[in-house]
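One structure is given here, and the rest of the page talks about it.
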Amino acid sequence: MNHGVLIIAVFLIFAALMYRRLMPALLAIPLMALVMTAVCGVVPASMPASLGTVILTGSAALAPVFVTVIFGAILGRVTLDTGIARSIVNFAAEFSGDRPAVVAAILCAVVAALFVSLTGLGAIIMVGSIVLPIMMTTGVPRRIAATMFLMSFALGFIFNIANWKFYTKFFGVEQQQLYGYAFILAAVDLAALVVYAVIAFRTTRDYATWAVEADETRPASVPWIALLTPVLPIVLYFAFHVDPLIAFPLSAVYGVLTTRPRRMVETFIAAAIRGYEDVAPAVLLFIGIGMLFTATKLPAFTAALAPMVSGGWLHNPLLFVLVFGLLSPLALYRGPLNPFGVGIAIFTVLLGAHVFPPIVLVAAIMAVVQVQNVCDPTNTANVWVGNFTGVHIEEITRRTLAYQVAVATLAAIAIVAGASRFFGVNPFSPLVSPAAAAQDLPGLFAPERAAFAVGVGSDGQDDSAAAAQAVIEALNRWPGVRAFSVSENPNAGDCSRKSYAAFAHISSTRFALLEGTDTDVGLELSDCAGWGVDEWHEHRVISPAPAKSDLRALGFTVCERMNMWRQLHPAMAQNLLSKGLAYDPLRLKPTFFYSLYKTYDGYMRAYVRPGGPAYVAGMRSGDIVDKLDDKFWWEYGTYQTQSRAYDGKPHTFDIERGDATVHIVLREPFTAE
């Protein structure tokens, strides 16, 4: 039974139910998690425990996130109910005078700044109820007022603190990783907002029609120090790295103390109740997302999806820009790219299957969210703004979609072009075929005829031979894999003429104990050139001595350990078996495939993978290193010298080989691009 196909089928069923609005995401996401757990291949005996883990562990997995959202909503209510937000907006409106374009620009800047810390529909309603009437009564056409309000909200939402808490907790990224890309995204989004405003004011000739009477009551004055309330969590989080769980309540208490100190308890409790009401749907959604995320981390779930996502097709940069840029309208109507609808299942599966580094997934989400936040007719914010201003929500979508798709597309291009600079990783394959790399390193990969072939050798002992035969039998049961006995040293030459892509070396040892004979069988996995990948051992105390059947049993067990590794590292295993080189393109750092080690005689020697960049440059295993970058290695020290083999930099070496001294210059490292 293909459990991966069943998982995809479950996803499509629930996606259709959400898309057709037959089942809300609040219910569909947790149900999807439970059904996927049931069909992912968990053995029946473990099914109750697995379902219990998904429900109990999953429902609380994102507790720090939804508690942050609640605290952020409380701060939002304090800012709104105490008049702080109204005072900020009124001050901005008075400063801008009666020029509609200037009023709109300044108020948009205020809205963007406020929604760095505010969250929830309640905040949208309260801020919009203040900003939109001011815009329209000063002559800003209602279509422009509605669209610019949503676009400025989306601009501030790029840095929204509660949202960043979700990114750091759910995806496991650091906030510092987001800074460079977030500023680029904000610059692109701001440019789109400016271009839209210029074109809209020049082409729109109507006037603001206002169907709701403006509130003529003058709000109570707010001390100027209270105006710092929405700014305080921003400073605490971004400048001092204070957790939002602390920054939000501290800021809320500050806001209450500076505005209503005598009614502090009453104001704070009212803000807490109304704030929770504002974000209750989001809290329920986060509980479901946590359950789905927990389900995707089950070993059976990962193993079921591994064959579907282990290929390199997902890393094509053009495909990435197409999906997360040009096709970003798929985030509308709670569609497959909407992280608050159907899309959360897709992003969760991609995260659990390690298809992209988490930071790249977060960047992709931030790109498509710019379309979803502004253009989605199913957003409660869009519905309210459309109602409040008298603008059809479809018109909001029509007027803004091209601009926001351009933002998402440029953001996706920035991710592809600047992944190494922004995130320190580059998961994308080159646009040009990597044939040039194969020509420069002709012995790096195994020939096509050796794909999925595993050579099995032993240390020559009878015990090892018996275990090796069991390993060969076990490997031949793997789909598409063929294993056979090999009696050569894979490190003796490169991979250009090898008949296998991977090599398994079987060893055995015996230790005499009072209880019997402690028998150990080891499996050392290497690639086609003998470069080590991993190693496993199984041992058993057998009295009085092990029989051939015992050694075969140990061989089968140690091979199962290798099979577990294959399931946990699908990309690395796929490349090892198909190409003869074990690497994960998402995690691979530039490498020359050599290491340095100090021997008992005090020499620093090299161990080199045949066919790799260091081998092509002329370095060989056993070479004695005298100088590194024109300095004797002991001037650096043992550790510093050895660590330079892994920094991916093109060092130079003076080495001794027999009676000769050879100067080695490394060129370009292997980067999987």
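What to note about this one:
- Integer Hz, Karplus 6.51/-1.76/1.60 couplings in order for the stretch 355-372, x for Gly and Pro: 5, 10, x, x, 5, 6, 5, 4, 4, 5, 4, 4, 5, 6, 5, 5, 6, 5
- Cleavage-rule hits, chymotrypsin sites (Phe, Trp or Tyr not before Pro), the stretch 594-629, DSSP coil, Cβ neighbours within 10 Å at most 15: TYR600, TYR603
- Shape of the stretch 594-665, Cα gyration tensor, a/c cut at 1.5: rounded
- Where labels lie 7 Å past Cα in the beta-carbon direction, separation of THR137 and ALA492 in nm: 9.1
- Listed peptides 256-268, 109-121 by packing density, highest first (mean Cβ within 10 Å): 109-121, 256-268
- Highest-first packing order for the peptide set 88-94, 173-179 is 88-94, 173-179, based on the mean count of other beta carbon atoms within 10 Å.
- Point-to-point label distance, TYR639-ARG510, nm (Cα→Cβ direction, 7 Å offset): 4.3
- Rounded to the nearest 10 degrees, the inclination of helix 25-39 to the longest alpha-carbon principal axis of the chain is 20 degrees.
- DSSP finds beta bridges in the stretch 438-579, and of those with both partners inside it, around 70 percent are antiparallel.
- Available extension along the chain between ILE13 and SER543 is 185.2 nm, counting 0.36 nm per residue and deducting the alpha carbon span.
- The stretch 627-671, relative contact order [Cα under 8 Å, separation at least 6], %: 35
- Checked against a 24 Å cut-off, the cross-linked pairs LYS169/LYS649; LYS598/LYS627; LYS548/LYS579; LYS165/LYS297; LYS169/LYS297; LYS165/LYS649 give Cα-Cα distances beyond that limit for LYS169/LYS649; LYS548/LYS579; LYS165/LYS649.
- Note on SER485 and VAL665: with the Förster distance fixed at 35 Å, the Cβ-Cβ geometry gives a FRET efficiency of about 0.30.
- Dipole moment magnitude, nearest 20 debye, the chain about Cα centre, only Lys, Arg, Asp, Glu C-beta charged: 1700
- Whether the stretch 502-630 is rounded, prolate or oblate, judged on the alpha carbon gyration tensor where a/c under 1.5 counts as rounded: oblate
- Highest-first packing order for the peptide set 484-497, 139-152, 242-255 is 139-152, 242-255, 484-497, based on the mean count of other beta carbon atoms within 10 Å.
- Electrostatic dipole magnitude of the stretch 594-665 [Cβ: Lys, Arg +1; Asp, Glu -1; Cα centre; debye, to 20]: 280
- Potential lengthening between ARG263 and LEU31 on full extension [0.36 nm per residue; Cα-Cα distance subtracted]: 79.1 nm
- Computed E for TRP565/SER46 - FRET, C-beta separation, R0 25 angstrom, nearest 0.05: 0.75
- Linear extension gain, VAL231 paired with ASP647, 0.36 nm per residue minus alpha-carbon span: 145.6 nm
- Degrees separating the helix 343-352 axis from the principal Cα axis of the chain, which is the longest one: 30
- Using the Cβ-Cβ distance between ALA239 and VAL194 with R0 set to 25 Å, the FRET efficiency from 1/(1 + (r/R0)^6) comes to roughly 0.40.
- For the chain, calculated [θ]222 nm from helices alone, where every DSSP H run of n ≥ 4 adds -39500 (n - 2.57): -17500 deg cm²/dmol
- Panel note: the C-alpha atoms of the stretch 438-579, placed on their principal axes, show extents of 58, 29, 19 Å (largest first).
- Remark on the chain: CYS40, CYS108, CYS375, CYS559 stand apart, with no other cysteine beta carbon under 4.7 Å.
- In degrees, nearest ten, helix 570-579 long axis to first principal axis of the chain (Cα): 50
- log10 of Debye I(q)/I(0), alpha-carbon scatterers only, for the chain at 0.08, 0.09 Å⁻¹: -0.75, -0.89
- The label point for GLN175 and the one for THR380, both projected 7 Å from the Cα toward the Cβ, are 2.6 nm apart.
Every read-out reported here was derived from the displayed coordinates using simple, explicitly stated rules and does not represent laboratory data. Small disclaimer: the values here were computed from a predicted structure and weren't measured. Ideal geometry is used to build each Cβ from the backbone, glycine not excepted, and the neighbour counts take in all protein chains shown.
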